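Inspection log for the structure reproduced underneath, given as structure tokens.
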Amino acid sequence: MANSTYITMKRPEEMAVSTEITPAQTKAQVSNPPKPNMYIAILATWGLSLVWFHPRLIQLLYMADNPIRWASLVFFILFIEFAWLYGIYNLVLISFAWYYRKVHHNKEMNLVSMPAANAPGVALLHTVYNDFKPESALSCVNQDYHNFTVYILDDSTDPAYQMQVDSFASRFPHRVKVVRRDDRKAFKAGNMNNGLSTVATEEPYFAIADADEVLPPDFLAKLVPIMESDPMCAFIQANHRANPNADSKLAQAMAPGIDLHWKWYQPLRNRYGFVMFLGHGAILRRKCWEEIGGFPDIVSEDLGFAIRARELGYRGRFVEDVVCYEDFPETVRAFRVRHMKWTRGTCEFLYKEGLNLLRAERITWMEKMDILFPTLNLPLTLLFFLFMVNANLLLPFILGQSQPLTFAIAGQEFVIPIVSLQAGFGVIFTPDFYMITLLTFFAPVLCFIVGMWRTPLKLYRFLSHSTALYAALGPLSTVGVLSFLFTKKAIFLVTGDNFSQGKGLEKPRETVFQKIRNWGNELVGKSHPDQTAIQVFEIGIGVLFGVISIYLFQISFFGLCLAFILLPFMHHVTWNKPLVKALVFVPFTLILFGLGIGALGSLGMQTVFFGYGFHF
């Protein structure tokens, strides 16, 4: 732009809706606390489910004639009822998201069309660590906004990536500055704090773009006016979609999930939840950053920043009309590395910030719940793992009975010796109990079902891929949670960093005893998905529970166990291999078949579907 005055452009349909929005109107829309309606609906629905089902579940305790049986059944009951809460949470959230899109969507869209009197300076922070991508950096430079500087905060240790960064910066000497530091203290949070305190010190706003992110040209031009209009807006989180130019077959396969998740789970939080800063694709207020004292020294620095800003009286805003592109990890290995970073980072956040969050006076109870529901999801994987042990090992051992299963095919009978639960479990083999189990299972993927139900083959393909990836993460997540519980440390693993692959894992020749001991130390201490100990644990869990699921005739759970085994295998084999492309459909197909067999439980056949906690 040639001058300091600019106006963001409206589309024709927006012009018909609103001629102008005053700063006072925008401030009222942005700063008002969210409505508690959604969480009231969640808790009320969950309460009704407990009133209806809990008396029957309590009847299971009649079989508890010793302390072991009592403890096992109590844990079984409590976990099931807690799993219902998460199922209802997802169901109600999607319902409110649909309502929000119908009633409030256009009102929020108008926020991005406000005129601004001038163009204040913006520091655009582009964070990289052995994962520099020219396409992403170029999107930072090509902004339709004249008063900004791109700061490439380069923590790379690979000289080749450092040369790429320097070469790119030399093409734009008046627009791009490269910032490096002597160490990687505090990881990404430390990198940004260093840049903002030493080089990018004058601009009133700063934006953050990750190395794999592509910003739209109007990113700054649309978001800065909103920040200017409301001094209590701490940050604006832009929308995201999967990068349509991704070369990876894995990224292409999982792209619909990224698009639909952002579409359904984020916009409604402007009105019914807590808007989270998601670490990238956002513009932030420097004054708020200074009042907080910089980004907190944790892996989940984004969530920590958003909570501290809210406690100071600020609030974030999600703008759906500004869409950035982000890459899904290019390989299964990178996907697993990212998940381990998220798991340990979330545990660290809850450990260091959880108590402060609960004590926060300016954050409403509803906002606290909206923070805790998604953040607790990963740490609770440990409880799901314990539930699998309880439901598939302990309960059949202490409350099981032999029950041969006979199949008749073409006049030929086949008898399979299986173990079923005692007759006392008959109180839960009912149609309504089966339906709430089904709700718990499918609610986390409801947005995908709603988004793709018109194309069933595409939906089946996507859910098969998601099962082979996300549903199989249980053992890996368990390792991550246990690792944090033992070490109280989180490690910032960079998804796109291939230079550091295997670094620090080489060992001299060892005895068998030393190998076993070191495997245990790696499993608990480092918990990097590259480690053999991690992959052996995942495969071992899949094999153990797979054998048990056959013995218990749990077909759905057997499909899940196959996914446990398949995921570490795909760590080493590319996604587009013909064998992999065929195998990824097997777990979800078996799960669907098991659900059909499980329906017979409501007709008298004792087969329990232990799929609670199955989250995507």
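Of (1) part of a loop (DSSP other than H, G, I, E, B); (2) within 30 Å of Glu291 (Cβ to Cβ), Ala207 satisfies all except one. Which?
Against the list (1) part of a loop (DSSP other than H, G, I, E, B); (2) within 30 Å of Glu291 (Cβ to Cβ), Ala207 comes up short only on (1).
Let's see how each residue does on (1) under 27 Å from Pro120 (Cα atoms); (2) crowded, with 21+ Cβ neighbours inside 10 Å:
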residue	(1), (2)
Met254	no, yes
Gly257	no, yes
His261	no, no
Lys287	yes, no
Ser300	no, yes
Ala306	yes, yes
Gly316	yes, yes
Asp321	yes, no
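Find the residue count for the stretch 415-469, including only residues that are among the small types (Gly, Ala, Ser), part of a helix (DSSP H, G or I) and touching a Ser or Thr at 6+ places or on another chain (Cβ under 8 Å). Please lay out each step first, then the result.
Looking only at the stretch 415-469, we keep the residues that are among the small types (Gly, Ala, Ser), and these are 420, 423-424, 426, 443, 451, 464, 466, 468.
Applying the additional criterion that residues be part of a helix (DSSP H, G or I) yields 423-424, 426, 443, 451, 464, 466, 468.
Checking which are touching a Ser or Thr at 6+ places or on another chain (Cβ under 8 Å) leaves us with 464.
Looking only at that region, the number is 1.
Among the residues of the stretch 169-189, count how many are assigned to a helix (DSSP H, G or I) and surrounded by fewer than 20 Cβ atoms within 10 Å (Cβ to Cβ).
So the first thing to find is which residues in the stretch 169-189 are assigned to a helix (DSSP H, G or I), and the list is 169-171, 187-189.
Pick out the ones that are also surrounded by fewer than 20 Cβ atoms within 10 Å (Cβ to Cβ) and you get 169-171.
Qualifying residue count for the region: 3.
Out of all the residues in the stretch 132-142, which are part of a loop (DSSP other than H, G, I, E, B) and buried (at least 22 other Cβ atoms within 10 Å of the Cβ)?
Selection gives Phe132 alone.
Test of understanding: among Thr511, Thr589, which residue is open to solvent by 40 Å² or more (accessible area, probe 1.4 Å), at negative phi and modelled with pLDDT of 90 or more?
Thr589
Give me a count of the residues in the stretch 527-543 that are touching a residue at least 60 places away in the same chain (Cβ under 8 Å) and not aromatic (Phe, Trp, Tyr).
Matching residues across the stretch 527-543 total 7.
In the stretch 360-370, which residue that is charged (D, E, K, R) and modelled with pLDDT of 95 or more is most open to solvent (accessible area, probe 1.4 Å)?
Applying the first criterion (charged (D, E, K, R)) to the stretch 360-370 yields 361-362, 367-368, 370.
Pick out the ones that are also modelled with pLDDT of 95 or more and you get 367-368, 370.
Working: Glu367: 0, Lys368: 32, Asp370: 0 Å².
Among them, the one singled out is Lys368.
Does at least one position in the stretch 58-76 carry a residue that is farther than 30 Å from Gly273 by Cα, in contact with a Ser or Thr (Cβ under 9 Å, 6 or more places away or on another chain) and either at pLDDT 95 or above or not in a helix (DSSP H, G or I) (or both)?
Yes.
Per-residue answers, yes or no, for (1) of a type in the set (Val, Ile, Thr); (2) more than 20 Å from Pro256 (Cα to Cα); (3) out of contact with any strand residue (DSSP E or B) (no Cβ under 6 Å at 6 or more places or on another chain):
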site	(1), (2), (3)
Tyr314	no, yes, no
Phe335	no, no, yes
His339	no, no, yes
Trp342	no, yes, yes
Phe349	no, yes, yes
Lys352	no, yes, yes
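Being in contact (Cβ under 8 Å) with a residue 24 or more places away in the chain and open to solvent by 20 Å² or more (accessible area, probe 1.4 Å) is the filter here; which residues of the stretch 66-78 pass it?
Passing the criteria: Ile68, Arg69, Phe75.
Let me spell it out: the conditions are (1) out of contact with any helix residue (DSSP H, G or I) (no Cβ under 6 Å at 6 or more places or on another chain); (2) surrounded by fewer than 24 Cβ atoms within 10 Å (Cβ to Cβ); (3) in contact (Cβ under 8 Å) with a residue 60 or more places away in the chain, and Ser229 meets all of them except one. Which number is the exception?
Ser229 satisfies every listed condition except (1).
Restricted to the stretch 429-462, and to residues that are aliphatic (A, V, I, L, M) and surrounded by 22 or more Cβ atoms within 10 Å (Cβ to Cβ), which residue is nearest to Pro587 (Cα to Cα)?
Val445
Cβ-Cβ distance below 7 Å, separation of 6 or more or different chains: which pairs start in the stretch 122-142 with a residue that is among the polar types (S, T, N, Q) and end on one that is buried (at least 22 other Cβ atoms within 10 Å of the Cβ) and part of a helix (DSSP H, G or I)?
So the pair list comes out as Thr127/Lys188; Thr127/Asn191; Thr127/Met192.
With the requirement that a residue be in a helix (DSSP H, G or I) and of a type in the set (Ser, Thr, Tyr), what does the stretch 549-598 give you?
Going residue by residue through the stretch 549-598, those that are in a helix (DSSP H, G or I) are 549-551, 555-570, 578-583, 586-598.
Of everything in the stretch 549-598, those that are in a helix (DSSP H, G or I) and of a type in the set (Ser, Thr, Tyr) turn out to be Ser549, Tyr551, Ser556, Thr589.
The values are calculated or read from the model by the stated rules, or taken from the named source; none is laboratory data. Please read these numbers as outputs of a predicted model, since none were measured by experiment. For neighbour counting, all protein chains shown are included, and Cβ atoms are generated from backbone atoms with ideal geometry for every residue, glycine included. Areas reflect the complete protein model, heavy atoms only, side chains present, ligands, DNA and RNA absent. Shrake-Rupley method; radii C 1.70, N 1.55, O 1.52, S 1.80 Å.
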